[in-house]
Amino acid sequence: MEGVMRISKVAKQLGVSPHYLRLLEWEGRIPPARRDFNGRIYTPFDAALLKSMGIGARPRKLKRAEEVLGEVR
């Protein structure tokens, strides 16, 4: 599948650890990532969504996915 990234690459782009992304997913604060046999996979859209939700090197109040997608529409 083209354009997919592993959790480590997305985490590096966002400036966080893969563990942090897994924790946010487990807590239900971010949408669950798709999975293949080797783990979580993200598309460029998924990475952009996480960034627009406020996931990144500078902590701030996280937005819910619905809020971000509502702003786009």
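The values are calculated or read from the model by the stated rules, or taken from the named source; none is laboratory data. Here the structure is a predicted model, which means the values were calculated and not measured. Cβ sites come from the backbone with ideal geometry, for glycine too, and all protein chains shown count toward neighbours.
At-a-glance table
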| read-out | value |
| --- | --- |
| Selected residue [surrounded by 16 or more Cβ atoms within 10 Å (Cβ to Cβ), touching a Phe, Trp or Tyr at 6+ places or on another chain (Cβ under 6 Å) and modelled with pLDDT of 90 or more] from VAL16, VAL10 | VAL10 |
| Unmet requirement for PHE45, which otherwise passes all of (1) surrounded by 13 or more Cβ atoms within 10 Å (Cβ to Cβ); (2) modelled with pLDDT of 90 or more | (1) |
| Any pair with Cβ under 9 angstrom, 6 or more apart, that starts in the range 5-17 at a residue that is over 12 Å from ILE30 (Cβ atoms) and touching a residue at least 24 places away in the same chain (Cβ under 8 Å) and ends at one that is part of a helix (DSSP H, G or I) and of a type in the set (Lys, Arg) | GLN13/LYS51 |
| Test: residue in the range 55-69 that is at pLDDT 85 or above and part of a loop (DSSP other than H, G, I, E, B) | yes |
| Search result, residues across the range 21-42 that are in a helix (DSSP H, G or I), of a type outside the set (A, V, I, L, M, F, W, C) and exposed (fewer than 15 other Cβ atoms within 10 Å of the Cβ) | GLU27 |
